[in-house]
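Colleague: Just dropping this structure here.
The values are calculated or read from the model by the stated rules, or taken from the named source; none is laboratory data. None of the values given here were measured: they were computed from a predicted structure. Here the Cβ is made from the backbone with ideal geometry for all residues, glycine too, and neighbour counts use every protein chain on show. These accessible areas exclude ligands, DNA and RNA; they are computed on the full protein's heavy atoms, side chains included. Shrake-Rupley method; radii C 1.70, N 1.55, O 1.52, S 1.80 Å.
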Amino acid sequence: MAVFLRALVFTCSLALLSPQVFAQSDVHIQLAGDPTWLKLLHFDRHGVFTEPRSAVNDESFFLAQNGAHNPAAELAATIDALNEPFSAETVHASCRFPARAMWLKQQGVIESNENIHCPEWQEWESQHANGEVGLTFASGYLGNPASFFGHLLLHIKAPASNNSSQVTASHLLDSSLNFGADVPASDGMIPYMLKGLVGGYQARYSEAPFYRNTSLYSESQMRDSWFYELDLDDHERAFLVAHLYEVLGQNFDYLFLSQNCASRIGRTLELVIDDELTAGYAPWVSPEQVIRLAAPHSKEVHYYPSRRRITENSYHQLTAQEQAAVSEAWPALTQFSLSRGRLEALPTESQSAVLEVLSSHALFIQQSEHAELGKDVQHQVLQARLQLPTSDSADTAHHTPPAPDEVTPSAIFRLGATYTDSLGEGFQLSFRPLHYDLLESNDARMPYAALEIMQIAFDIYDSTPKLAQATLFNVTNLNALQTGLPIQSSLAWQAKAQISRNQLGCRDCLDAGLHMSAGKSWQTGDLTSYALFGGILRSTGYQEGFIAGEIQTGVIYDWSGAQRSLLSASYQNAGRGEDSRSWRLDLTHRVQLSTRHDVRMAVSRDRSSYQVNVNLGLYW
């Protein structure tokens, strides 16, 4: 009865309203559900069993009390606030939300007010409105779990540098907008990873000069960067810049896999790019995925090599005599000298090439805790270079790796045929959502490294499918491209957690293991070899010994850009008899057919059986 009376009163009230009120109400209802309005409010947090809400957690971002959950209420409050007269004693809504005001004016629901003065917004607008806007992708960094998959930043070029494709002095005025988590300094690695995976951190947009981020990524963390200049018209660029002003400093939820820099920047760009850059229900979003979807909307791509890349490329283009001169001049961190004989015996052009490598590495040292030593070495190198005549031949032509959108995608499904001598013929199925292995790594990612997340594999024998392997993570860095220069890391290492069979011929012999190992790698031409030594914490369902030692060795050979082979051997021993020991040999050859297809052929042998398989990989 009460429900009926409320409905009757509401119906009578509507009957008393004028047609103009009805029309205005209809317009507001339409605008409240408009995709642009929802994007301005970041209404992208929704799921199958949860109500939609804004991803912004700051109350200051909303004008209505329930604006974070009700876009219609926020629209009404915004229109009312924008129509209020300007007062110098308060910050007008037009100054707080210039993008909302811009859009609502276009919809004809508010009028322009020339008497409103917004000094902070106008200063921001004057600095950024006429600059080209784009995405900067920094390659993966294995020193931080949040940066394993790379990092995205929004980049606003200063107007003076819009026509420049190189990092020049004009780029010092460029701005980078970073979306990152606010992590307390007191949080250790374990709390950091747990909160990053399940929640507990807030993230926000912050602005920094372009050169500061370039120094961090390129010089300190040795990460290559690519700048994708977006193909936006003047209105789209002004609209995006206005919205970035609105969200700068606002708090958002943060998760490593789904609510990260890639997802938030992608959803922000969807305001002006009529395309879905991030899936609303995706359990993970990586920077590479967003770059791949945003690339068709860019007009230029510029590559900025890391200091590591510059130094290593220059070093590996030296002759054997020139490389020997580099090693002799700087054999250890505190033992630098240009007067040990080999350098002075070289021709002038060779001396210039050697000094270029030493200078580049000195710049890297300056970003470390040995900054003063790096400056001193740089000073000595520059003095020596000034003693030599000018020579164009000293300018090294650096290799430009493929852009991130041009390499194989990170998600893969594999289907193949297999034969095991003790089991017969069968089929293999595997899936990996993220990211690459040693046979797939390339210059656009971390070379000679592996980063595999949540890989799962099944095999089918006699029409019976069974789990063959489940990898939670496998992080491997061989650090293969080395110069031997001081404090440039030469440590190869691996961390892996997986469930796998301890015998090729036993389909039920599954045990879990956490592997940690370290060692060294060597590179000679197209051949890279490595040796790793470590231990395993493992279950003992089908093997003896909770703790075991492990040795891994391998050889990688690059036949061409499309073909690579890996020969690996592993040995485990827990010191508790025959059942605590195991060994395995694997030879795998990969042929890349296209950026989305490859074929792999593999032969494996352990103490129980041998196995041969061929499979086709489909990337997306």
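Colleague: At a Förster distance of 60 Å, what's the computed FRET efficiency of H316 paired with Q106, Cβ-Cβ distance as r, to 0.05?
Modeller: E(calc), rounded to 0.05, equals 0.60.
Colleague: Using 0.36 nm per residue of separation minus the Cα-Cα distance, give me the extension gain between H379 and L514 in nm, one decimal.
Modeller: Answer, rounded to one decimal: 43.9 nm.
Colleague: Considering amide H positions built from the backbone, and no H for Pro or chain starts, which residues 5 or more places from Q469, or on another chain, come under 5 Å of its amide H?
Modeller: A457
Colleague: Where nothing but the Cβ of Lys and Arg (+1) and of Asp and Glu (-1) is charged, how large is the charge dipole of segment 461-620 around its Cα centre, in debye to the nearest 20?
Modeller: 120 debye
Colleague: Using only Cα atoms, tell me the angle between helix 234-247 and the longest principal axis of the chain; keep it within 0 to 90° and round to the nearest 10.
Modeller: With rounding to tens, the tilt is 90 degrees.
Colleague: Under the definition of Cα pairs under 8 Å and six or more residues apart, what whole-number percent is the relative contact order of the chain?
Modeller: 8 percent
Colleague: Okay, next question. Stretch M601-L333 to full length: gain in nm at 0.36 nm per residue minus the Cα-Cα span? Mind showing how you got there, number by number?
Modeller: Values: separation 268, 0.36 × 268 = 96.48 nm, distance 4.45 nm.
Full extension from M601 to L333 adds 92.0 nm.
Colleague: Shifting gears a bit: Cβ neighbours within 10 Å, averaged per peptide: list 588-597, 31-40, 305-314 in order, most packed at the top.
Modeller: Numbers: 588-597: 14.8, 31-40: 17.2, 305-314: 21.8.
Taking the mean over residues of other Cβ atoms within 10 Å, the ranking is 305-314, 31-40, 588-597.
Colleague: What lysines could a cross-link reach from K157, if we take a straight Cα to Cα line under 23 Å and drop same-chain neighbours fewer than 8 places away?
Modeller: Hits, sequence-local ones excluded: K299.
Colleague: Roughly what angle does helix 189-198 make with the longest principal axis of the chain, taking Cα atoms, 0 to 90 degrees, to the nearest 10?
Modeller: Taking the Cα atoms of the chain, the angle to 189-198 is about 50 degrees.
Colleague: Follow-up. By how many nm would the segment from S206 to A531 grow when fully extended, if each residue of separation counts as 0.36 nm and the alpha-carbon distance is taken off?
Modeller: Difference between extended and current length: 112.8 nm.
Colleague: With every protein chain kept in place and ligands, DNA and RNA left out, what is the accessible area per residue of the chain? Probe 1.4 Å, answer in Å².
Modeller: Computed with neighbouring chains in place, this is 47 Å² per residue.
Colleague: Using a 1.4 Å probe on the protein chains only, how many percent of the accessible area of the chain belongs to carbon and sulfur?
Modeller: Here carbon and sulfur together make up 56 percent of the probe-accessible area.
Colleague: Setting aside same-chain residues fewer than 8 positions from K105, which lysines have a Cα under 26 Å from its Cα?
Modeller: Filter leaves K39.
Colleague: If you plug each phi of segment 513-524 into the Karplus form 6.51 cos²θ - 1.76 cosθ + 1.60 with θ = phi - 60°, what whole-Hz ³J(HN,Hα) values come out, in order, with x for Gly and Pro?
Modeller: Once rounded to whole Hz, the list reads x, 10, 9, 9, 8, 8, x, 8, 10, 9, 10, 9.
Colleague: Right, next: Given a Förster distance of 30 angstrom, what is the FRET efficiency for Y571 paired with L415, based on the Cβ-Cβ distance and rounded to 0.05?
Modeller: 0.45
Colleague: Rounded to the nearest 500, what is the 222 nm mean residue ellipticity of the chain from helices alone, with -39500 (n - 2.57) per DSSP H run of 4+ residues and division by all residues?
Modeller: -8500 deg cm²/dmol
Colleague: Along the Cα→Cβ direction, 7 angstrom out, place labels at A470 and I499. What is the inter-label distance in nm?
Modeller: Taking the simple label geometry, A470 and I499 are separated by 0.3 nm.
Colleague: Show S430, S327 ordered by accessible area, largest first, where the area counts protein heavy atoms only and the probe is 1.4 Å. Provide the component values of the computation, followed by the final result.
Modeller: Details: S430 25, S327 55 Å².
Correct descending sequence by accessible area is S327, S430.
Colleague: Oh, and also: Nearest 10 degrees is fine. How inclined is helix 320-329 to the longest principal axis of the chain, computing both from alpha carbons?
Modeller: Tilt relative to the chain: about 80 degrees.
Colleague: Also: As I understand it, the dipole of the chain uses +1 on the Cβ of Lys and Arg and -1 on the Cβ of Asp and Glu, about the Cα centre. Which of F43, I29, Y571 lies farthest toward its positive end?
Modeller: Y571
Colleague: Further question on the same structure: Each residue of segment 469-476 in order: what ³J(HN,Hα) in whole Hz does its phi give by Karplus 6.51 cos²θ - 1.76 cosθ + 1.60, θ = phi - 60°, with x for Gly and Pro?
Modeller: In residue order, the calculated couplings are 6, 9, 9, 6, 7, 9, 10, 10 Hz.
Colleague: Can you give me the relative contact order of segment 506-586 as a percent, contacts being Cα pairs under 8 Å and 6 or more apart?
Modeller: Result for segment 506-586 is 23 percent.
Colleague: Can you list the HN-Hα couplings for segment 94-111, worked out from phi with the Karplus curve (6.51, -1.76, 1.60; θ = phi - 60°), rounded to whole Hz and with x for Gly and Pro?
Modeller: 5, 7, 7, 10, x, 5, 4, 4, 4, 6, 5, 5, 5, 7, x, 9, 9, 10
Colleague: May I ask which residue of V591, P409, S609 lies farthest towards the positive end of the charge dipole of the chain, with charges of +1 (Lys, Arg) and -1 (Asp, Glu) on Cβ and the Cα centre as origin?
Modeller: Of the options given, the answer is S609.
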